Amino acid sequence: MADRERLVNITLALIVPACALAAYGMGEPFYVTLATRIAILALAATGLNLALGLGGLVSFGHAAFFGIGGYVAGIFATHAFNQIPLLVSPVTLMATNQMPVIWLVSAVVAGLVACLIGLISLRTSGVYFIMITLAFAQMIYYFAISWPAYGGEDGLSITVRNGFPGLNTLDPLNFFLIAYGLLLLALSAFSQLRDSRFGAALQATRQNEVRVASIGIRPLRIRLVAFIISGMITAIAGALFADLNRFVGPSMLSWSMSGELIVLIILGGTGRLFGPVAGAILFVLFEFALGGLTEHWQLFLGLILLAVVLFGRGGLVGLLAGKVRHG
Amino acid sequence: EPVKIGMITTLSGGGAGLGIDIRDGFLLAIKESGNKDIKVIVEDDAQKPELAVQIADKMVQSEKVDILTGIVWSNLAMAVVPGVVGQGTFYLSTNAGPSALAGANCNPNYFNVAYQNDNLHEAMGNYANTANYKKTFILAPNYPAGTDALTGFKRFYKGALAGELYTKVGQTDYATEIAQIRASGADSVYFFLPGGMGIAFMKQYSQSGISTPVMGPGFSFDQDVLGAIGDAAIGVKNSSHWSKDLDNAANKKYVAAFKAEYKRLPSLYATQGYDTANLILSAVAKASVKDKDAFRAALKEAKFDSVRGKFKFGNNNHPIQDIYVREVIKEDGVLTNKIVATSFTDHQDAYAASCKM
Amino acid sequence: MLLELAGVETFYGASQALFGVDLAMREGEAVALMGRNGMGKTTTIRSIFGLSPLRHGTVRFAGHDISSAKPYRIARLGLGLVPEGRRCFPNLTVAENLLASARKGFWTIKEVNALFPRLAERSGQYANSLSGGEQQMLAVGRALMTNPKLIVLDEATEGLAPVIRQEIWKAIATLKQQGQSILVVDKTLSELLPVADRCFVLERGCTVWSGVPTELTAAIQDRYLGV
Amino acid sequence: MAEPILSIRNLCKSFGALKATDDVSLDLHPGEIHALIGPNGAGKSTLIHQIAGTLKHNSGSIHFMGRDVSALGVSHRAQLGLGRTFQISSLTPEFSALRNVMLAVQANQGSSFRFWKPVMADASLKDTARDVLDRVGLLERADIPSAELSHGERRQLEIAIALALGPKAFLLDEPMAGMGPEGSKRLTAFLDTLRHEAPILLIEHDMDAVFALADRISVLVYGRVIATGSVDDIRRNPLVREAYLGESV
Amino acid sequence: MSSALLIEQALNGLQFGVMLFLMAAGLTLIFGVMGVINLAHGSLYMVGAFACAAVAAYTGSFWLGLVASLIAAAAAGAIVEVTVIRRLYNRDHLDQVLATFALILIFSEGTRWVFGSFPLYLDIPKVLQGAISLPGGAQYQLYRLAIIGAGLVVAIGLYLLIAKTRLGMRIRAGESDREMISALGVDIASLNTIVFALGAALAGLAGALVGALQSVQVGMGEPVLILAFVVIVIGGIGSIKGALAGAILVGVVDTMGRFLLPQLFTLFMQPSQAATAGAAIASMLIYIVMAFILAVRPKGLFAVNA
Ligand SMILES: Nc1ncnc2c1ncn2[C@@H]1O[C@H](COP(=O)(O)OP(=O)(O)OP(=O)(O)O)[C@@H](O)[C@H]1O
Ligand SMILES: Nc1ncnc2c1ncn2[C@@H]1O[C@H](COP(=O)(O)OP(=O)(O)OP(=O)(O)O)[C@@H](O)[C@H]1O
Ligand SMILES: [Mg+2]
Ligand SMILES: [Mg+2]
């Protein structure tokens, strides 16, 4: 079983860059962009998978972190482009358009926000948790819509994609490699974390919180740390997503974005290492392939998703690799 | 070599009616022209900016379209247009006219064939003076197009405001706002609530027992929504740069053809689609789309039979056009509009001056 | 025969738990099902009720083949279950737990309250706030309220105080006298054997011994029950 | 006598009008098994919940190893060395028996905030856990997910988890429940040796086990301790016979 | 600001609350009591509104439309339960999320396919048109009063059904342990279909009633969905009382927030800035309230024992 899952994972890991390289070779930059989109969404969902898949924390508000990352990228890019300092008092702070700095800032801001949201939300559980995370995301969403400084509902255009030392981010392949590299990093961190002591405690907390507390592990701390890490990863994905689209807007913060991230995970296989990757591939391809066919493409997308839930237990990875055995 | 046009518009979800009208108007013009060298690719953006960007990338990079067009919503336009025109592709707006693209960020490859977002509201502000309103209550959703709308209205309106309200985007219940209107002692109401918001507002307003007259931009009283509002809309004044009863040959032919083709009356969105297609056709006849400078000049000339009568571009590639005041009437059992006044002639938007082009 | 199992084999997913269980009992009998931990007693009961459908073999009850019937149909034929681990409905009050699945017959809330006065005192309390023993009483009462032809008790005295346990065994004896058929799994042989008319012993998912209690020699007990 | 490890004074807890714990005081000394018996609903489990911290008491005090633990949370008390089992098994269902125990060993060793090293490659966890499973006789079933264990096996796993915590005191809520005759016998013998590792507060309805093991017995009825004493005292106490033991013993 | 206006706004808040309850009522049943996360609730609401509008347009009678909305939504609900939901009871809640998310797409596009892309016309029935004068000089719309009535009837009916009937007990029992209740002889599968259809019918009813006040269009269900979840969660999942209380709280807070916040902000801001800033906070307000309530009472106002 485990070997089969490994095989599926390796295939999934190779298929995306292989397609991207092939497309690049054939002079079809758009397909490289599509692969980049897959990698970025998979990265965002990998972040969520940590909270949702391992920790059972069904956050319906991860768009908040995704959007925060996006806005950090957007705001930095705008300020850097227009040479307007981010802050004038107490110190003058110039913006940079270097991605690593932007990622760091995204992660830190999202981490702080996640810490705040988590401290309040994690007192609840189950559906209440779903809804309270949604509530926080909605607050940020409405704030972004009605906050005129950075475009409100219209969002913020990124005139020139942010840069990365030594690479030309305007080149689709270079940008893809950045996104994919980050995805691989996140996946290996996810896998390491899942098998670690922390991962064991996190997964146990999902299954039986009282039991975990009774052996002397504080469930709240475990969950909070997981939630924060999760939000940080998703935020980095958000920064990349904004750079990919050269645009960030409140729709990145909307509840349907949160929903889409959840859907990606379930589609691919909840809690599975490569679930988000499989989910992102499926979702983006469906959306892309169906969109051109008929104006009623969403109907067919719905039917396909439905078929996947009904007949493919455990998402795509579950379908290919079978049930998980928990060591 | 055929001219490739990519159309990104909203064909699914709640806002689909607008996109469908744009598409239908556009395709009607192409069909009428009989020009076989034009290839139009239509895709649905589902009113999501990210999806619109993805489709735009595909059309530009993979399908190698020469011209993009079709977007309904300002926020989608803001996401798509800067990138597209930056890559040297032409973008012709069939509806959205955000101020950001009219002023400092104007671009020679970006043409707006519809209006600048403030225009219709400005026209209504101007009309409110003519109608001698002294105390108007104004409301709009709390987002950029909403604040632009009220700013536009106030730019020309000379009376006092009985109140100014910003509602929640997507709000469906307006009892609170209506109560405030009642209490304010306003002599008129101006609202900008696009789509379902406006329908809900009008239905509820008409049931509230208030008789204060209502005004709105054409969006809220056009063919796509009038049926849903029902008789409550009769008599309402609204502004538009086009009307079904505009007296010119092109318009008569267009209205009849649209009715024959689609079994319904055209809306202003359909009209914008139709005019955009005709503009492109006129330019294609004059210059090759591959010769960007020549083609751009041909577009800018705007020598085509606009159903609006006269049409020309200002320095910022936004229209200079007449804006009318219409009144909702019932004609042969169908709700529609007739022109009752002209608010502006040769009106240009307020941002043109800051466009360095 | 009231209940008859022949060659029952049951799986949990891919792992087999029963390898051939045979059991037969007549109306009015009290039958004990015995075996060590993990030998398949609960699984046998789940198979009877259709909760863990069998893959091979047959189960017949009161003249019907119920091998592949739906649980609720099986129950309506007159089978009442007191499950292992109580499984009271936590979000229902005591009275609601009793009423939810009640069917017409001798047993009513009044009778159950008479049998377990403790439940009468707790009638409006949610089941998840009951003590373990109270939940156990509730589970027995709930099964009785369906007025079954055959009541099946899976470790129904687990966690009960000795006095109550004696009450339950007395109740079982009374039920039996009234002609109620009973299938019971229990760990305390000293209490179980006096009421049982017949015993079946399971070992690794198979019926390995059956007979009347007096034949259950020390040797057999030692071998299969570890006493 | 030595200082008690666990000392409860005048503990009270009510649920609405119901006094589930009514002025209870009791001690647990090193090396002893202190049995707590009483009718169903007497408040035994409620008492354990309050000691472990899953329920907050209304008044009174709980001292553990000389320290007032009243204000501490569940996990904090567990870290100090309170090892408890649940009356109704409470396990991590997807984890195998082994991983259930490994988690307890991990908690006992201290940090759960280690993000890198895989637990399954961690011999210090695995070997200790296997030893513990062996002690309760569950080693054979180590790799079965706990949801798939039979009821009796789950009860054994409960005890294994408490053991793995290496606690300073055990709080065992009906450990014999669900065990067959063989299991009960073995467990009785096992607890007999366990008391030397840490004292045990033992709730049990299995009187054979209680009488065989207990150094002292407290009897709880309607939340009150009505008697405390040696096995013989309790056996002879007419009140206890009426309220709890019945005619059986 | 006159006190009459304040009273009218309070009444508006109450009315909006009851309307929210009506929209959430079906969800309370399906989600709160049966424990199924049904994201397609808004779609059933839309189905009701479209059925009502279509039949009302065809027959000229709003009331026939109302009947049609009940039938159409109940039928849609029953079909959904039998073909989709039934297979998911024993699965992770997340599978229900994905499946019902898919259903939203199917319902929305299916409806658009059948009815086209333009909003439909649905008006208030003749007898309920117009406003009546309330003591104190305020005017109040008759139809809104009727909605309050309908909401309260539904609330009481649901409460009795869930709390007092055998059916209600079985539904709740099935939510906590399906296997056990069926082993006790209850045909929980059919029962769930019935309950699901009933919940759907309530959604359809709300769609029709509220549709007459709003725009009947594709996508009208989605905002309702979120609001309905908010209402139920604030009240405490599974509690009818809680849902009603939650709905009224949300209704009053939202209404008063929209009304008062911009005025409050004028105290220290320029009017037009105050208008937008006030509106911004007002649009976040119910979420702020929800987060606050859940932070203090993690299981909602009327937490049901579970
Ligand atoms: N849900 C399950 N999934 C997989 N295997 C299971 C499951 N439940 C029980 N088993 C296995 O089936 C076998 C028989 O279990 P069963 O519960 O029937 O035993 P039992 O005789 O009732 O034991 P006990 O006396 O401990 O209750 C055991 O090996 C157990 O591990
Ligand atoms: N949350 C609660 N709300 C109301 N009453 C409760 C609650 N928890 C427990 N009780 C009541 O408190 C009493 C004591 O319960 P407890 O579980 O401590 O009993 P016990 O002595 O362990 O009984 P048993 O031997 O049956 O397990 C019971 O009557 C029970 O119904
Ligand atoms: Mg068993
Ligand atoms: Mg107890």
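The values are calculated or read from the model by the stated rules, or taken from the named source; none is laboratory data. If you're wondering where the values come from, they're calculated on a predicted model, not measured in any experiment. Glycine also receives a Cβ, built like all others from the backbone with ideal geometry; neighbour counts cover every protein chain displayed. For the accessible areas, the whole protein counts, side chains as well, though only heavy atoms, and no ligand, DNA or RNA atoms are used. Shrake-Rupley method; radii C 1.70, N 1.55, O 1.52, S 1.80 Å.
Heavy-atom accessible surface of segment D:88-166, averaged per residue, reaches 38 Å², computed with a 1.4 Å probe. Counting every alpha-carbon pair across segment A:2-321, the share separated by more than 38 Å comes to 12%. Legend: mean number of C-beta atoms from other chains within 10 angstrom of residue C-beta atoms, peptide C:100-107, equals 4. Applying 1/(1 + (r/R0)^6) with R0 = 30 Å to the Cβ-Cβ distance of residue B:300 and residue B:35 gives a FRET efficiency near 0.90.
The modelled label-to-label distance between residue E:189 and residue E:92, using points 7 Å beyond Cα along the C-beta direction, is 2.5 nm.
Interface burial in segment E:70-101, defined as at least 50 Å² less accessible area with all protein chains than with the chain alone at a 1.4 Å probe, covers E:91, E:94, E:98, E:101.
Taking amide H positions as modeled 1.01 Å from N, with prolines and chain starts lacking one, the residues under 5 Å from residue C:152 and 5 or more places away or on another chain are C:80, C:81, C:82, C:183.
For segment A:1-56 versus segment C:162-195, the inter-centroid distance based on Cα atoms is 62 Å.
Relative contact order, whole percent, for chain B stands at 19, derived from Cα pairs under 8 Å and 6 or more residues apart. Contact with the other protein chains removes 20 Å² or more of accessible area, compared with the isolated chain and a 1.4 Å probe, from these residues of segment C:114-137: C:118, C:122, C:126, C:128, C:131, C:132.
Excluding ligands, DNA and RNA, what is the accessible area buried between chains B and A, summed over both sides, using a 1.4 Å probe, to the nearest 100 Å²? Each step should come with its number before you reach the end.
On the way: alone 13450 and 15730 Å², together 26570 Å².
The B and A chains share an interface burying roughly 2600 Å².
Distance between the C-alpha centres of segment D:123-172 and segment E:96-112: 46 Å, rounded to the whole angstrom.
Among beta bridges from DSSP that stay inside the protein assembly as shown, the antiparallel ones total about 50%.
Across chain B, the convex hull enclosing all Cα atoms gives 118 Å³ per residue. The share of accessible area on chain A that comes from carbon and sulfur is 69 percent, using a 1.4 angstrom probe.
Any idea of the accessible area per residue across chain E, 1.4 Å probe, to the nearest Å²?
33 Å²
Could you let me know the centre-to-centre spacing of segment E:2-25 and segment B:121-170, using Cα atoms, in angstrom? Between the Cα centres of segment E:2-25 and segment B:121-170 lies a distance of 27 Å.
With protein chains left intact and a 1.4 Å probe, residues in segment A:2-321 average 32 Å² of accessible area per residue. The mean number of Cβ atoms from other chains found within 10 Å of a Cβ in peptide B:179-187 is 4, as a whole number. When the helices of chain B are scored as -39500 (n - 2.57) per DSSP H run of n ≥ 4 and the total is divided over every residue, the value at 222 nm lands at -12000 deg cm²/dmol. Largest accessible area first, the listed residues A:103, B:242 line up as A:103, B:242 when surface is computed with a 1.4 Å probe on the assembled protein chains.
Can you give the average number of partner chain beta-carbon atoms within 10 Å of each beta-carbon in peptide B:94-105, as a whole number?
Working: counts 0, 0, 1, 0, 2, 1, 3, 1, 0, 0, 0, 2.
Per residue, the number of nearby Cβ atoms from other chains is 1 on average.
As a length-normalised measure over Cα pairs under 8 Å and 6 or more apart, the relative contact order of segment A:151-275 settles at 38 percent.
Across all Cα atoms of segment B:187-340, the radius of gyration (one decimal) and Dmax (whole number) stand at 17.8, 60 Å.
Relative to the longest principal axis of the Cα atoms of chain C, the long axis of helix C:132-145 makes an angle of roughly 80 degrees.
Share of carbon and sulfur in the accessible area of segment E:3-220 stands at 70%, probe radius 1.4 Å. Between B:221, B:311, B:111, the residue with the greatest mean-square fluctuation in the GNM of chain B (Cα pairs under 10 Å linked by springs) is B:311.
What do you get for Rg/Rh of segment E:114-173 when both radii come from the Cα atoms and Rh is the Kirkwood radius? Can you show the working numbers first?
Values: Rg = 18.4 Å, Rh = 15.0 Å.
Result for segment E:114-173 is an Rg/Rh of 1.22.
Where does the protein assembly as shown land on the Kirkwood hydrodynamic radius, alpha-carbon pairs, in angstrom? Please report the intermediate quantities before stating the final value.
Working: mean 1/r = 0.0285 Å⁻¹.
Radius from the Kirkwood sum: 35.1 Å.
Given that compact globular proteins tend to follow 2.2 N^0.38 Å, what is the ratio of the alpha-carbon Rg of segment E:105-229 to that value? For segment E:105-229, the normalised Cα radius of gyration comes out at 1.39.
Heavy-atom surface analysis with a 1.4 Å probe gives segment D:88-166 a carbon and sulfur content of 51 percent of its accessible area. Solvent-accessible area lost on pairing A with D (1.4 Å probe, both sides summed) amounts to about 3100 Å². Only beta bridges with both residues in chain B are counted; by DSSP, about 35 percent of them are antiparallel.
Using a Förster distance of 56 angstrom, determine the FRET efficiency expected from the C-beta separation of residue B:285 and residue E:59, and round it to 0.05.
On the way: r = 53 Å, r/R0 = 0.94.
In this case the efficiency is close to 0.60.
Per the Debye calculation on chain E with a single equal scatterer at every Cα and no solvent contribution, log₁₀ I(q)/I(0) for q = 0.06, 0.14, 0.16 Å⁻¹ amounts to -0.21, -1.09, -1.34. The residues of segment E:186-214 occluded by other protein chains by 20 Å² or more of accessible area, set against the chain on its own, are E:187, E:213, E:214; surface from heavy atoms, 1.4 Å probe.
What percent does the relative contact order of segment D:88-166 come to when contacts are Cα pairs within less than 8 Å and at least six residues apart? Provide the component values of the computation, followed by the final result.
Numbers: 86 pairs, mean separation 39.3, N = 79.
The value is 50 percent.
Of the residues E:105, E:267, A:185, D:6, the one with the largest accessible area comes first in the ranking E:267, A:185, E:105, D:6, computed with a 1.4 Å probe on protein heavy atoms.
Before we go on, tell me the buried accessible area for the A/E pair, both chains summed, 1.4 Å probe, in Å² to the nearest 100.
Values: alone 15730 and 14600 Å², together 26540 Å².
Chains A and E together bury approximately 3800 Å².
Among DSSP beta bridges whose residues both lie in chain C, state the antiparallel percentage, nearest 5.
Working: 22 of 40 bridges.
Antiparallel bridges: around 55 percent, rounded to the nearest 5.
What order, most packed first, do the peptides D:169-182, C:70-83 have when packing is the mean number of other Cβ atoms within 10 Å of each residue?
Values: D:169-182: 24.0, C:70-83: 22.3.
Result, highest mean first: D:169-182, C:70-83.
Averaged over residues, the count of other Cβ atoms within 10 Å places the peptides A:67-77, C:192-202, A:149-159 in the sequence A:67-77, A:149-159, C:192-202, highest first.
If DNA, RNA and ligands are ignored and the probe is 1.4 Å, what is the ranking of E:216, E:127 by accessible area, most exposed first?
On the way: E:216 0, E:127 105 Å².
Greatest to least solvent exposure: E:127, E:216.
The mean of 1/r over all pairs of different alpha-carbon atoms in chain D, once inverted, gives a Kirkwood hydrodynamic radius of 18.6 Å.
Per residue of chain D, the DSSP helices (runs of n ≥ 4 H) give a summed -39500 (n - 2.57) that works out to -10000 deg cm²/dmol at 222 nm. Largest mean-square fluctuation among B:316, B:278, B:248, in a Gaussian network model of chain B whose springs join Cα atoms under 10 Å apart, belongs to B:248. With a Förster radius of 25 Å applied to the C-beta separation of residue B:357 and residue A:84, the computed FRET efficiency comes to 0.60.
Add +1 for every Lys or Arg and -1 for every Asp or Glu among the other residues with Cβ under 10 Å from the Cβ of residue B:257, and state the total. It works out to a net charge of +2.
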